[in-house]
Structures are given as structure tokens and as C-alpha cells.
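Here's the structure we're looking at; comments come further down.
The values are calculated or read from the model by the stated rules, or taken from the named source; none is laboratory data. All values derive from a computational prediction rather than experimental measurement. Cβ sites come from the backbone with ideal geometry, for glycine too, and all protein chains shown count toward neighbours. Side chains are part of the model used for accessible areas, which takes the heavy atoms of the whole protein and leaves out ligands, DNA and RNA. Shrake-Rupley method; radii C 1.70, N 1.55, O 1.52, S 1.80 Å.
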Amino acid sequence: MTIKIGVIGVGHLGQHHARIYTELLDARLVGVADSDTDRAHFIGEHLGVQAYGSLEELIRRKSPDAISVVVPTSQHYAIAKTALEAGIHVLVEKPVTIRPEEAGELLDIAAKKNLVLQVGHIERFNSAIRYISGIQCKPVYLDSRRTCPFTGRINDVGVVLDLMIHDIDIVMSLVNSPITRIAATGACVFTDYEDIADAQITFENGVLAHILVSRCAEKKCRQLEIVERERQITINYEQQTVQISRCVNSSEGQVEIRETPVFPKSEPLKLELADFVRCVKEKGKPIVGGSEGKRALEVAVEILRQIHEGNVQSVRRAV
């Protein structure tokens, strides 16, 4: 059985969704759609599929089994809802929606119609995270840093919904304990949204997580440090590497041992879309389903509340 798939939104990321669907054996890209019809036709011609100006037209002409929603965050809810109500399986890029209640409504529709609702938290498919998820990991402290220079590419949300939500999802999946406390601050630098955000999350089991995100940094950094009682694990998201350090006793005293595990590396987005196709084909449960996306969004919304109720600091700089 081949799954007929469409892509809604073929900008910077959506074009890669469309490309990858043409490479997956169990998928057939049947069309792309974008409000920028010139862009839609450019991508459609490049991939050899029809292009449309709206989701409704794509549904009417091609009757896809599933779609990827890769539009600005503010449009996620409306487009995903339209697709689900039409009986179409949906992968929606993160964050699932702007408001948790919207995510809850999408979950209800998907459940009633027995449809897959997957959320594009791509870092779950990073080879380094997949490796860590396969070993016994017992963190007591996590330190996550995700920074990059300002590009202006994302202009409808701040760094919490654009960047930090990745790390919220990863941290929550590794700790797997209820949250008891969140403390957050942030600052506007180049935009009207928070461009820097810093959060501390305390879990019921005593684990503490620190997450820093910025789109105002000089250099790009995507790193997670996991401190356990007997070892420290450092993950480089960009290079998809893991380094494990531990101290052991020897005749000369304590000696630090560093290991760099070797494991297969793959394109995270390709693994994510292959998981979506598998779930649609087998009616399976996604690695990151709508409920996980909603949970991460709820934490992000609380972080945003604290940042803005604390009168987010403005430190404007010239771009």
C-alpha cells in the first residue's frame, strides 16, 4: 500500500518535506500547495508534481491520504483542523498550535476519526538522541543550549516556540516525571518577540533542567549535557555525536575516561517522515504524537507567561 501525501507550505523547510516524500518507498507525493503560488509551482515543477494555491484545492484535486503542514505557526490550527475533518492524516510542524486548547481540539478530532496526528519535533529523530534513548539514562541535571545568529527567517513567533520547544520536548522525554516548578526570563533584541529565553524546570523526582535559547548569538550551538551520578553525557545535535565521561579509580587515583560511541547517522527529517508514513500505513502510534506536542506546548506557554508577566526586557540592537 502506497500512501498518497501532499505538503502544505513549501518554504525553507516544507521543500524538504516534499523532496523526502519522493524518496520514501511507501509514499507518493501527489501535490504541493502554498499561498505563494509562484513558489508552489517552482517546487512542483522541480519534483514533478502538481502545485496548488490552497489545501482545499489540493484535497479536491488529489484526495491525499495524508499531509505535512509546514506553514507559519499561526496557521497550524486552521489548516490541520481542515485536513483532519476531511479524514486526512496530519503531520504538523512544531509547535503543534499556538494555544494548548487548539491542540486539544485537534487531538479530539483525530481520535474520533481514527487518524494519525504527528508533531514535527525533529530532534527526537536525531541519531544522537535516538542512541541516548536506547541506553539507561538517569539524569540528575540537564543543561541545554541552542543558540544561533539572527537571520530574520522566523518572524511570527519568538525563540520559545521556535527553538526552546525542541529542548522542552527532549528534556521531558528523558526525565519522564511531572513538573513542579518553572522559572523563566527573556529579552527582545531584534524583534517584538523574545529573542533570548532562559528557563529552569524542576521535576517531581528532583531532576533540574536548565534551557537557554537565543537567536542573537555570534555562533551556532546546539548542545545538551546530561549529568548523572556516575557519568556525564554530552550531545551535539548538529554533528549527531555523543561523548560519555566518567571517573574511575586506579592505582594512580581517579582517572577520567571518555567514550565516543559509534552509531549509524541518518537525516533526522527523513526518519521523522518515514515514521509518519509507517504510522499512517499501519495505524500506529507516532514517536511524537499530538499529546506529546500538546504537553511541550503547555510548558512553553507557561514559560512565555512568566517572561511577559515579568515585563520582558527590551535591549534593541541594530541588525
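Here are some notes:
- Set of the range 105-139 residues, backbone N closer than 18 Å to the point 7 Å along the Cα-Cβ line of Asp156: 106, 119-121
- For the range 243-306: relative contact order, % (alpha-carbon pairs under 8 angstrom, 6 or more apart): 17 percent
- Here r is the Cβ-Cβ distance between Lys138 and Lys112 and R0 is 41 Å; the resulting FRET efficiency, rounded to 0.05, is 0.60.
- Relative contact order (%) - the range 178-293, alpha-carbon pairs under 8 angstrom, separation at least six: 12 percent
- The range 258-301 - percent of accessible surface contributed by carbon and sulfur, probe 1.4 Å: 54 percent
- Å² of accessible area per residue within the range 28-103, as computed with a 1.4 Å probe and no ligands counted: 44 Å²
- Full extension of the chain between Ile182 and Ser63 yields a length gain of 38.4 nm, computed as 0.36 nm times the residue separation minus the alpha carbon distance.
- For the chain: span of alpha carbons on each principal axis (Å, largest first): 72, 45, 37
- Spatially, the range 276-312 and the range 185-208 are offset by 16 Å when compared through their Cα centroids.
- Rolling a 1.4 Å probe over the protein heavy atoms gives the range 175-290 an accessible area of 53 Å² per residue.
- Protection-proxy order for peptides 61-72, 214-225, each taking the mean of Cβ atoms within 10 Å per residue, highest first: 61-72, 214-225
- Cα-Cα over 21 Å, subset of Lys138/Lys285; Lys62/Lys285; Lys81/Lys285; Lys113/Lys270; Lys265/Lys294: Lys138/Lys285; Lys62/Lys285; Lys113/Lys270; Lys265/Lys294
- Residue among Ile244, Ile135, Ile226 with the largest mean-square fluctuation in a Gaussian network model of the chain, springs linking Cα atoms under 10 Å: Ile135
- Inter-part distance where the range 5-70 and the range 76-139 are each reduced to a Cα centre, Å: 19 Å
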